[in-house]
Amino acid sequence: MGKTGKSTAWKILPAMAWKGIMRNGSVYFPYLAAGIFSVFTYFVYASILKNDIISILPKSTYAWIMLRIGKSLLVIILMLFLVYANSFLMKRRQKEFGLYHILGLEKKHIGSMLFFETALLYAFALAGGVVFGMALSKLLFMLLLKMCRLPVDVGFVFQMEALRETMVYFLAVYMVNFAEGLIQIGKSNPIELMSGSRKGEKEPKFLWFFALAGAAALAGGYYCSVTSKVDSRIFTDFFQAVFRVIVGTYLLFAAGSIAFLKWMKSRKRVYYKAGNFITISGMLYRMKKNAAGLSNICIFSTMVLITITCTVTLYAGMDSLVHYVQPYDMTVHYRDERVEPREVYEEIETLGEKYGKKVERADIYEKMTLPVRQQENSFVVRHEKDEAAGIEAYAEDYELGIMTQEEYNRIENREVSLGEGEALIYCSGRDYGYDRVIFYGKEFLVKEEPDNFFPDPKAEDNTFGAGYLMVVKDDEVKEACIRAFGAANGVEDMEAFLESGTQYVQILLEGKDGEKQDFLKEFGQWCQSRPGFSKLTNGAENRNDQEIMYGALLFIGILFGMIFFMCLILIMYYKQITEGYEDRNSFDIMQKVGMSDGEIRTTVHRQILTVFALPLIGAISHTIAGMFMVKGLMAVLSFHRNDILIFSTAGVIVLFAAVYGASYMVTARAYYRIVRHGGTN
């Protein structure tokens, strides 16, 4: 090519890039939509974090921390999302690039055209995402504040720093995609480019070995999830289970699916039917790439299911969660000296009349809390432990409270009567489960193990925060137990130790937390003025702090659920489009030899049912197995309403299956148009 030809080529490259995008709109427009959505998401997220208002609002620290963590994940996920989507574009354009090369364009010209395409896509995605972000960022910011129970009547200012950060981040993302395209063009010759979009994949070696390895990995991941316990290994087990399930999914789809198709092919009566012949032979021809796409659909479907399930569960159980952690509106501790219960009740009654608030509970009691170690049915001294042993060494360490039956009956409004040598044992976690208890050498018959105790609500999977309560007959027995503990633990001043118990004053008001603060503020001031005051906890304020933190988690969950679903839809769409073009020539041949429209449609639907149902089945299976571990992770957050988790999981699976099916039917129409009418190339 001469100088004039080269000059002309460089002049027409931008126009060719534009025409390439418009002519291949079926693959570029969804990619552009994904880019706009990604820019919109990142820009809104950055705008919220860059606004000073999020950090200066009262009690917004938790929300800010959660959003910062979410942003770190967002950077990784959006990068992987757009890089993966770009790989479909490159596969679809290989034949066209090969044609350009044959017509005289050099690789540098094709690379330059790819650069102009990338620049145009970046500019449109950035402009569209930022415009939508500017239009909706304030609305989403208000949604965040609403979910976090923060004041919503605050201003929201456009942040230029957020725009600059968005521009730089997505410039890096699109440059990575551009570099990927250059690498593919640079290492391919024209013939490879011309046939690259249709090139079959080799069958994996050691087919049955990888199929069995995949089954073993998946079974191991399921086992790890189902048998996981709420202990110090819960997070390690989680990542181990996720890794095994992902590996198992990819191996089973890649090796197991091919083994199944080869078995189907060996059944002559099944294989040599018109629809089955096309479906089975077409899938075998490119199964390695097909399996990777199906595996990704399965994994992203699982991510959508689990993310949305956790979000729905947390939203539905928010009130239950915060009241489990903070059952009282206020708790006051007294040491050394005691407050007179009659004075407390009088003050509560006075404040109730003043502020128009009814008191639901007012509990005043004494309890001695002791650090103990459980060994079956015995409570013994906590020994010094090797630091290298980690948290596991403390698995059986508890705080045990001792109170008399008189105190217990007053709190629970019961008439329990204990005999000599009898006791009540209550655990806020798993059941005690023994008929006798030995406390530092003193043995008691367990008369009853109560189902609940209001100051310390019960949850079987409460491991990290669980404690014991032992109720004994009277002060004499209580003192004997405390002396036994003190002697075993080397307490020198026994009399002072006996007086070191705590008196608790705890109240719970009716109504919303926001309407209680005036009452609680004045009551707290009164309590602090009494002799012996030690500590005050405002449960209503703490619930508000927790709602802010969990509200931010809800916002992040909704956002990431949308991102994962967008990834899923795009992968599904590109898979259908790519396969449509790959199958088009085969269907053209079948049409020419007499295959009817009805037979073609039947073949398409069979492929949908046999191929695209597999990721859904796998995702549902992964989700059900994963819920055992999610249950444990939710317990770490002090969420113990398993009934809400079960109903949320079932509802989300049903809804997702319906949306998944509808999405595939929509993308299948695009596939059918291509294979039936020839589409556009």
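Assorted remarks:
- Test: F564 is out of contact with any Asp or Glu (no Cβ under 9 Å at 6 or more places or on another chain), open to solvent by less than 50 Å² (accessible area, probe 1.4 Å), modelled with pLDDT of 80 or more and within 24 Å of E406 (Cα to Cα): no
- Qualifying positions in segment 395-407 - within 40 Å of the chain's Cα centre (by Cα) and in contact (Cβ under 8 Å) with a residue 24 or more places away in the chain: A395, D397, Y398, E399, L400, G401, I402
- Within segment 333-352, the presence of a residue that is closer than 20 Å to K521 by Cβ, in a helix (DSSP H, G or I) and at pLDDT below 90 is excluded.
- Residue selected from segment 428-460 under the condition open to solvent by less than 20 Å² (accessible area, probe 1.4 Å) and under 30 Å from the mean Cα position of the chain (by Cα), by the criterion nearest to Q405 (Cα to Cα): S428
- Across segment 408-425, the number of residues qualifying as closer than 23 Å to S378 by Cα and within 45 Å of the chain's Cα centre (by Cα) comes to 4.
- Within segment 16-130, helices (runs of 4 or more DSSP H) holding 2 or more residues that are open to solvent by less than 30 Å² (accessible area, probe 1.4 Å), closer than 30 Å to K146 by Cα and modelled with pLDDT of 75 or more: 25-50, 61-102
- Inclusion of E476 among residues that are open to solvent by 50 Å² or more (accessible area, probe 1.4 Å), charged (D, E, K, R) and assigned to a strand (DSSP E or B) is not warranted.
- Candidates in segment 524-554 are the residues that are among the hydrophobic types (A, V, I, L, M, F, W, C) and open to solvent by less than 10 Å² (accessible area, probe 1.4 Å); of these, the one that is modelled with the highest pLDDT is C527.
- For F178, the conditions (1) within 30 Å of L553 (Cβ to Cβ); (2) modelled with pLDDT of 85 or more are fulfilled apart from (1).
- Any hit, segment 404-417, residues being modelled with pLDDT of 90 or more, in a loop (DSSP other than H, G, I, E, B), over 30 Å from H323 (Cα atoms) and in contact with a helix residue (DSSP H, G or I) (Cβ under 9 Å, 6 or more places away or on another chain): yes
- Pairs with Cβ under 8 Å, 6+ apart, first in segment 368-392 and farther than 26 Å from D336 by Cβ and at pLDDT below 55, second open to solvent by less than 90 Å² (accessible area, probe 1.4 Å) and assigned to a helix (DSSP H, G or I): K385/A393; D386/A393
- Checked against (1) of a type outside the set (A, V, I, L, M); (2) within 38 Å of the chain's Cα centre (by Cα); (3) open to solvent by 30 Å² or more (accessible area, probe 1.4 Å), E492 passes all but a single condition, namely (2).
- Yes/no for L508 being in a strand (DSSP E or B) and under 17 Å from V325 (Cβ atoms): yes
The values are calculated or read from the model by the stated rules, or taken from the named source; none is laboratory data. The structure presented is a predicted model; accordingly, all values stated were derived computationally and were not measured. A quick note on method: Cβ atoms are made from the backbone with ideal geometry, for glycine too, and the neighbour counts reach across all protein chains shown. In case anyone asks, the SASA skips ligands and DNA or RNA and just uses the protein heavy atoms, side chains included. Shrake-Rupley method; radii C 1.70, N 1.55, O 1.52, S 1.80 Å.
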